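Written below as structure tokens is the structure these notes are about.
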Number of protein chains: 4
Amino acid sequence: VSDASSPHPPSAISRARLEVLFDGIFAIAMTLLVLELKVPDLADRHSVQELATALRHDGPTFGSYLLSFWMLGMLWYRHNQMYRHIERISRRMLVLQLFQLALAAFFPFCAGLEGRYPMNPLALVVYSGCITLYGWTSLLYWTVAWRVGAIRPELGRAEYLALRQRNIRGVIVLTGICGYSLYMMASRA
Amino acid sequence: VSDASSPHPPSAISRARLEVLFDGIFAIAMTLLVLELKVPDLADRHSVQELATALRHDGPTFGSYLLSFWMLGMLWYRHNQMYRHIERISRRMLVLQLFQLALAAFFPFCAGLEGRYPMNPLALVVYSGCITLYGWTSLLYWTVAWRVGAIRPELGRAEYLALRQRNIRGVIVLTGICGYSLYMMASRA
Amino acid sequence: VSDASSPHPPSAISRARLEVLFDGIFAIAMTLLVLELKVPDLADRHSVQELATALRHDGPTFGSYLLSFWMLGMLWYRHNQMYRHIERISRRMLVLQLFQLALAAFFPFCAGLEGRYPMNPLALVVYSGCITLYGWTSLLYWTVAWRVGAIRPELGRAEYLALRQRNIRGVIVLTGICGYSLYMMASRA
Amino acid sequence: VSDASSPHPPSAISRARLEVLFDGIFAIAMTLLVLELKVPDLADRHSVQELATALRHDGPTFGSYLLSFWMLGMLWYRHNQMYRHIERISRRMLVLQLFQLALAAFFPFCAGLEGRYPMNPLALVVYSGCITLYGWTSLLYWTVAWRVGAIRPELGRAEYLALRQRNIRGVIVLTGICGYSLYMMASRA
């Protein structure tokens with residue numbers, strides 16, 4: 001509430017440090033994705049065929065790795081696009097940002113689940129649900145930032161709305177995927 | 001002792017680099033929390049119900065994950081609030097800071113313990129004990145910083161005391177929780 | 001396509017932040033390499049000989065660790081050499097960069113595979129294939145950067161070509177090693 | 001060789017980026033130390049006594065954790081002390097620096113070994129050997145930096161020698177500990 005009382009209250013947190021925390025958590029989450037890929041145990045250590053079979057068997061996990069790396073990369077890119085217009089961070093914005101980071105750090109678990117059980121609809125629900133929740137939080141963050149006047153004055157209302165529109169489109173797609181996977185799961189059970 | 005002899009001895013360490021180390025360790029600790037969440041082993045890879053049961057069974061670990069992420073986020077935020085008033089870092093302050101970082105890096109272990117044994121009072125003692133110790137160290141850090149004149153002159157004595165007061169309040173709450181969990185443990189044994 | 005339409009379109013991403021993500025992912029990948037080295041289980045905890053045997057048995061993994069650390073260090077160094085001439089990052093360049101980072105983050109898995117199965121030709125194919133792909137992407141990145149005018153104007157065409165030439169030489173060596181390991185694998189099967 | 005030919009050749013690498021890589025690897029190595037501490041498996045999830053016994057049993061690992069965190073913190077601090085006088089980084093210096101980082105990233109493995117087998121003299125040899133090697137590399141780095149003129153001109157010869165002297169003293173202590181542990185191991189076998 002107090003955020004909106006004055007046009008320029010001090011930033012709750014240093015912009016630069018939140019950036020470092022954000023980039024750090026994304027870098028770590030992206031690198032931890034690979035920990036789901038386990039070096040297989042082979043009976044014959046020299047057998048090309050056995051190793052090939054083991055790696056092929058982990059195929060979905062590799063696919064999930066690449067997809068998830070790309071996903072986190074995109075979320076990181078989108079965050080950059082918006083964050084450059086943010087001038088200061090209110091407390092409410094910090095709370096939303098921390099929640100986004102918790103979802104990003106949680107993502108390697110979702111990727112591991114999806115990579116191991118690609119045919120289990122619940123795994124897809126968890127996976128898409130995590131990104132969808134991230135997308136909604138991102139949209140809320142942007143809206144709150146505008147309302148409390150935390151966006152650089154150079155950004156006009158039209159540009160704000162255009163960026164918001166793009167965000168909404170993304171959220172709709174994500175929610176659609178999440179809803180579809182929920183439907184698939186329900187029709188299976 | 002020598003810290004207080006001159007009003008402006010050189011900083012023991014570059015402020016910016018300690019910041020990077022601090023933010024880095026917090027980012028990693030926050031992301032490592034998720035490693036306690038293990039992808040469950042399923043008998044039937046396609047079974048929604050089996051996966052749902054397994055995830056529900058990990059419920060306390062998920063709760064502990066979110067709580068612990070929030071905790072570390074708050075400690076990080078509080079550190080920011082104080083650190084922006086610090087001008088230089090004395091050796092004694094560096095020692096305290098490293099001890100704080102050791103506790104923060106130790107936190108994922110506490111969170112794993114609490115998530116796996118939520119009903120075991122000793123797990124809560126370890127968990128709350130780690131944060132309480134962090135809080136006390138933080139209070140000591142702030143007090144030492146004032147005494148050795150490491151705080152920016154812009155910050156008046158009243159503001160210093162107000163921030164210290166808030167710190168003390170936090171430490172009292174934490175010590176209370178820790179004491180209560182010790183009491184619960186003692187009454188159980 | 002739109003990248004080339006104007007000589008100075010805005011950068012798709014902040015140069016500084018991509019740098020932090022890049023350095024972060026490399027730092028993490030380099031440190032995660034060590035996770036492949038496991039503390040051995042000993043029957044007699046005090047036996048020097050048993051521990052020595054266990055560590056000697058992990059010899060190839062230690063060798064793979066050092067080699068891989070050096071490899072990532074070199075890739076990081078090479079990236080630095082080129083990146084200092086980059087002025088802005090187009091979207092296509094960002095995509096290539098993310099792909100490079102996915103390969104770098106994937107590298108600890110390759111190192112673990114190679115360390116555990118040093119005599120298995122497929123392990124070497126995966127290992128050298130990952131670096132070779134990285135090298136090709138790096139070359140493509142540099143070429144695209146020149147074409148879309150993302151390189152600092154201070155760098156003349158001759159210098160660009162010289163750096164490109166060095167890159168091509170590296171890629172040829174890597175492709176040779178990769179091809180040789182493929183040949184070795186084929187001749188075995 | 002070419003490093004010494006000109007008094008001011010360009011830096012092989014951006015000073016700031018090497019700093020980020022250095023701080024990043026140290027932050028990660030310090031946080032990975034905790035991964036050696038495993039949440040114990042309990043027969044009775046509610047038993048305070050069983051958990052207490054399990055944690056007490058891990059006592060040496062906790063001790064090793066704290067000691068190793070402190071060690072890495074000190075190495076990091078010492079690096080800072082010297083690095084602030086470095087103006088540019090030659091290629092030979094970069095190679096030494098990467099070797100130092102490989103040893104730092106290797107340190108969590110040594111700490112895990114020492115924590116699990118505190119009574120095994122070989123574990124202490126590996127542990128102290130890793131730090132001793134780091135110390136020698138650091139001394140070599142500093143000496144090379146002086147010889148190739150990579151140190152800021154503000155630092156006089158006397159100050160250089162004083163810092164070097166302190167470095168030598170540290171290396172002598174470390175080599176002594178390492179030699180003693182080697183002697184203990186030899187007298188046991």
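The values are calculated or read from the model by the stated rules, or taken from the named source; none is laboratory data. If you're wondering where the values come from, they're calculated on a predicted model, not measured in any experiment. Backbone-built Cβ (ideal geometry, glycine too); neighbour counts: all protein chains shown. Calculation scope for accessible area: heavy atoms of the full protein, side chains included, ligands and nucleic acids excluded. Shrake-Rupley method; radii C 1.70, N 1.55, O 1.52, S 1.80 Å.
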Considering residues that are among the aliphatic types (A, V, I, L, M) and open to solvent by less than 80 Å² (accessible area, probe 1.4 Å), the number found within the range A:159-181 is 6
Taking the range A:14-44 and the residues there that are without any contact (Cβ under 8 Å) to a residue 24 or more places away in the chain and touching a Lys or Arg at 6+ places or on another chain (Cβ under 8 Å), the one that is most open to solvent (accessible area, probe 1.4 Å) would be A:SER14
inquiry  = Against the condition more than 27 Å from C:MET93 (Cα to Cα), touching a residue at least 12 places away in the same chain (Cβ under 8 Å) and of a type outside the set (Val, Ile, Thr), how does A:LEU55 come out, does it pass?
reply    = yes
ask   = Quick check: anything in the range B:54-67 among the charged types (D, E, K, R) and either touching a strand residue (DSSP E or B) at 6+ places or on another chain (Cβ under 7 Å) or within 21 Å of B:LEU163 (Cα to Cα) (or both)?
value = no
| said: Condition first: modelled with pLDDT of 90 or more, closer than 21 Å to B:ILE28 by Cβ and more than 14 Å from the chain's Cα centre (by Cα). Can you find one or more residues in the range A:3-18 that meet it? | reply: yes
Scanning the range C:78-95 for residues that are without any contact (Cβ under 8 Å) to a residue 60 or more places away in the chain and crowded, with 19+ Cβ neighbours inside 10 Å, the one farthest from the other protein chains (Cβ to nearest Cβ) turns out to be C:HIS79
Of the candidates C:MET82, C:MET119, C:MET93, the one satisfying the condition of being more than 15 Å from the chain's Cα centre (by Cα) and within 25 Å of A:ALA27 (Cα to Cα) is C:MET93
Within the range D:26-57, residues under 29 Å from A:GLY24 (Cβ atoms) and either in a helix (DSSP H, G or I) or touching a Leu at 6+ places or on another chain (Cβ under 8 Å) (or both) come out as D:PHE26, D:ALA27, D:ILE28, D:ALA29, D:MET30, D:THR31, D:LEU32, D:LEU33, D:VAL34, D:LEU35, D:GLU36, D:VAL39
_Residues that are in contact (Cβ under 8 Å) with a residue 40 or more places away in the chain, open to solvent by less than 40 Å² (accessible area, probe 1.4 Å) and more than 14 Å from chain C (Cβ to nearest Cβ): does the range D:111-128 have at least one?_
yes
Inside the range C:114-124, the number of residues satisfying the requirement of being over 15 Å from C:THR175 (Cβ atoms) and in a helix (DSSP H, G or I) is 6
If we keep only residues of the range A:134-189 that are within 14 Å of chain B (Cβ to nearest Cβ) and in contact (Cβ under 8 Å) with a residue 60 or more places away in the chain, then the residue farthest from A:LEU124 (Cα to Cα) is A:ARG188
- request: With respect to B:PHE106, determine if the residue is touching a helix residue (DSSP H, G or I) at 6+ places or on another chain (Cβ under 9 Å), touching a residue at least 12 places away in the same chain (Cβ under 8 Å) and more than 10 Å from chain A (Cβ to nearest Cβ).
  value: yes
Q. Can you find a residue in the range D:58-68 that is of a type in the set (Asp, Glu), open to solvent by 10 Å² or more (accessible area, probe 1.4 Å), within 29 Å of B:ARG15 (Cα to Cα) and away from chain C (no Cβ under 11 Å)?
A. no
Restricting the range D:129-158 to residues that are open to solvent by 30 Å² or more (accessible area, probe 1.4 Å) and aromatic (Phe, Trp, Tyr), the one modelled with the lowest pLDDT turns out to be D:TRP146
From the option list B:TYR183, B:TYR141, B:TYR127, single residue qualifying as part of a helix (DSSP H, G or I) and under 30 Å from B:ARG88 (Cα atoms) is B:TYR141
Checked against (1) within 20 Å of D:PHE69 (Cα to Cα); (2) part of a loop (DSSP other than H, G, I, E, B); (3) not β-branched (Val, Ile, Thr), D:GLY149 satisfies every condition except (1)
